[in-house]
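Reviewing the structure listed below.
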Amino acid sequence: MKPVKEHEYKERRIGRIYAMWRRFKRNKASIVGAIITSIVVLIAIFAPLISPYNPKTLNYEMSYHPPSKEFLLGTDSLGRDILSCIFWGARTSLFVAIIAVTIEILIGILIGGISGYYGGIVDEILMRFTDIILTLPTILLLIVAVSMFKVRSLIVIATIMGILGWPWMARIVRSEVLSIREQPYVEAARAIGLNDLLIILRHILPNAMSPIIVLATLDAAYYILYEATLSFLGLGDPTAISWGILVSRGQGVLQRAWWIATFPGLALFITTLGLNLLGDGLRDALDVRSRI
Amino acid sequence: MGLRSYIIRRLIMFFPIFLVSSAIVFSLMHLAPGDPVELMFRGAGKPTNPQIIEEIRERLGLDRPLHEQYFIWIINFLKGDLGYSYLNNRPVSQLIIERIWLTVELVLLSEILALAIGILLGVTAAIKKNTKIDALLTTTSLFGYCMPSFWFGIMLILIFAVKLRLFPTFGAVTPGATLDFWGKIIDNLRHLFLPLMTLTIGMAAWYVRLVRSSMLDVLNMDYIKTARAKGLKEKVVIYKHALRNALLPVVTSFGLSLGFVLGGAVVIETIFSWPGLGWLIVKSALARDYPVIMGTSMLIVLSVLIANLITDIVIALIDPRIKY
């Protein structure tokens, strides 16, 4: 076999990415998911620029204004523009999702990596522990954990979510590590005396990226849902503009102003749907076994 | 290793699993910085005399190290002593007994309904694979799966209670109504309808996806081809040969799904003011009523653990392929 030259290697890589893209776009649902997700991300980034009003400005004369040209999605009891609140709420959702997913990945890689690489009794204990957390109802644990905090900031909530949300990630990282661990190139790395950490980080993890990305996308939807649910129950960050808080504000005044609860919840629904479609599409495109 | 020793080992494993789970719940409760006594008396009622605060800490055992507190708590829990509510000084066990049946009613009916819908639609989607019916069912189940349950509940209230005025949205019975036995049951079921629908949709959608994919796997197997080749009727092939094996993953995931439904019930009971355990937990969480949160959530966790134990044993009994 001829040695692969640098530019040839690059071409092969581009070819692989192109093949992935072809698999991804074959499924219309994943394109829809990618578009929805991109729109939500763009809205979150540009919320201050595109919001027609300041979401915190009170305007008592305009309270309970139904959807109209002036206020596309209406206003709430204090005259705040719902559309602007939804735009700013996207920021909250995304912020929480990014932090929680980051923590989930870090813990998942640590536990799953150790478990898969070392095996034996360490693996046994860690996986038992992982399974236990997996069986407990997450939303209940979240409520228990946040209830005793005096100040519930978004960072606290997102961190707790990440701390509770890593078990699937750990299991997936573990099974990837298990399948890669015995590959000749890893053996070679071990033979030339690289230490374990370096082998896991440089040689095993890059090859386990696909399932990590897929799971992170699907879990981001969960975290967004959980944050909104906590906020809805009154257990979120009271100072944040959250879709969950908006829905709970609308619940008491459904008779008078149906739009307050309806549209923020719809935004939440579309976002979780988009992330799920994107995650499913990525799973097919990256050829991740369908066990996630 | 035989079946019997597997079951015995699984039963023994229950105790460490219970200990670890309760330790997780306990430590989650203590993640927050700050003094529980401080939390008990927020605002006005806080005693200023540090000696009194010290006495309260001592009486509640809060002056001991955390691990001692944990063991005292878990031993008391197993004895059925869950402490007293900070809010109204009533025993937590009594608060739970007053509410538990409403949660059991909601959760069990929801699980049964979700299973029925899931199997029916899942099998239909699998048989009609790649048709319009399949596409419709798959899309609907994805929608149901991604639906934020609290929002779905409020939309149901908006449509069925506010606009159509068909169902009540508050509580489990009509207060002050004098009804005979059947009248009471019907009244309760009318109150149950909307929370039940809300709780069921997510789980049903999940079961549809699960049954569909597991049914498709089974239908591809050789023994199904054999059954068809023998000239058996398609109905017999599907319902007698395929479905039995396709339902194995459904049985396997029963414990997990019960946890999911119980978690969902916590949120949904709150929306509909359904006076069960879920609403109790949320109310107590908002008021930082420490003993009530601890006792109630540990009871829910225990029931999930028991459901998982039963699931594992049932699977071992019905699936002869599993080797231990």
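Bear in mind that the values in this text are calculations on the coordinates, not laboratory data. On a predicted model such as this, the values are computed, not experimentally measured, just so you know. Don't worry about glycine lacking a Cβ; one is built from the backbone with ideal geometry, like all the others, and counts go over all protein chains shown.
Inside 10 Å of the C-beta atoms of A:227-233, what's the mean count of C-beta atoms belonging to other chains? Provide the component values of the computation, followed by the final result.
Working: counts 0, 3, 9, 2, 1, 8, 10.
The mean count of partner-chain Cβ atoms within 10 Å per residue comes to 5.
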Practice prompt. In Å³ and rounded to a whole number, note down the convex hull volume per residue for the Cα atoms of chain A.
Written response: 168 Å³
Worksheet item: Rounded to the nearest 500 deg cm²/dmol, what is the calculated helix-only ellipticity per residue at 222 nm for chain A, with -39500 (n - 2.57) per DSSP H run of length n ≥ 4?
Response: -24000 deg cm²/dmol
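Arranged by the count of other C-beta atoms within 10 angstrom, fewest first, what order do A:LEU282, B:LEU66, B:LEU120, A:LEU73 take? Before the final figure, lay out each step's value.
On the way: A:LEU282 24, B:LEU66 11, B:LEU120 14, A:LEU73 21.
By the 10 Å Cβ count, ascending: B:LEU66, B:LEU120, A:LEU73, A:LEU282.
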Discussion item. Pairs of alpha-carbon atoms within less than 8 angstrom and 6+ residues apart define the contacts here; what relative contact order does chain B have, in percent?
Written reply: 27 percent
Worksheet item: Using modelled backbone amide H atoms (1.01 Å from N, in-plane), which distant-in-sequence or interchain residues come within less than 5 Å of B:TRP274's amide H?
Response: B:GLY171
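So what is the relative contact order of the range B:30-188, in percent, for Cα pairs below 8 Å that sit 6 or more residues apart? Present the calculation step by step, with values, prior to reporting the outcome.
Values: 48 pairs, mean separation 12.3, N = 159.
Once divided by the residue count of the range B:30-188, the mean separation gives 8 percent.
Apply the a/c threshold of 1.5 to the C-alpha gyration tensor of chain B and tell me whether it is rounded, prolate or oblate. Can you show the working numbers first?
Values: a/c = 2.70, a/b = 1.55, b/c = 1.74.
Here chain B falls in the oblate category.
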Worksheet item: To the nearest whole number, what is the average tally of beta carbon atoms from other chains within 10 Å of the beta carbons of peptide B:304-316?
Response: 1
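Which helices, taking whole DSSP H runs in chain A, have alpha carbons extending 27 angstrom or more along the helix axis plus mean Kyte-Doolittle at least 1.0?
Values: long enough: A:6-26 (30 Å, -1.76); A:28-50 (31 Å, 2.33); A:82-118 (52 Å, 1.75); A:209-233 (35 Å, 1.32); A:258-285 (40 Å, 0.88).
Length and hydropathy pass: A:28-50, A:82-118, A:209-233.
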Worksheet item: Between rounded, prolate and oblate, where does the protein assembly as shown land on the alpha carbon gyration tensor, with a ≥ b ≥ c its root eigenvalues, rounded for a/c under 1.5, else prolate if a/b exceeds b/c?
Response: rounded
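In whole percent, what relative contact order does the range A:130-265 give with Cα contacts below 8 Å and a gap of six or more residues? It would help to have the intermediate numbers written out before the result.
Numbers: 106 pairs, mean separation 31.0, N = 136.
This gives 23 percent for the range A:130-265.
Take the alpha carbon gyration tensor of the range B:229-324, find the square roots of its eigenvalues, order them as a ≥ b ≥ c, and report rounded if a/c is under 1.5; if not, report prolate when a/b exceeds b/c, else oblate.
On the way: a/c = 6.27, a/b = 2.35, b/c = 2.67.
Oblate shape, in that a/c is at least 1.5 and b/c is the bigger or equal ratio.
For a quick check: sort B:MET203, A:MET161, A:MET209 by the number of other beta carbons within 10 angstrom, fewest at the front. Numbers along the way, then the final one.
Values: B:MET203 24, A:MET161 28, A:MET209 11.
Lowest to highest Cβ neighbour count: A:MET209, B:MET203, A:MET161.
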Worksheet, complete the sentence: Here FRET efficiency (C-beta to C-beta, B:ASN89 to B:VAL236, R₀ 56 Å, nearest 0.05) is 0.35
Discussion item. Give me the one-decimal nm value for the distance between modelled label points at B:LEU120 and A:ARG16, 7 Å along each residue's Cα-to-Cβ direction.
Written reply: 4.8 nm
Discussion item. Nearest 500 deg cm²/dmol is fine: what mean residue ellipticity at 222 nm does chain B get from its DSSP H runs of n ≥ 4 alone, each adding -39,500 (n - 2.57), divided by its residue count?
Written reply: -23500 deg cm²/dmol
Fill in: Average partner coverage of B:148-161, which counts Cβ from other chains inside 10 Å
6
Discussion item. Neighbour counts of other C-beta atoms within 10 Å: give me B:THR226, B:THR124, A:THR75, A:THR271 arranged from fewest to most.
Written reply: B:THR226, B:THR124, A:THR75, A:THR271
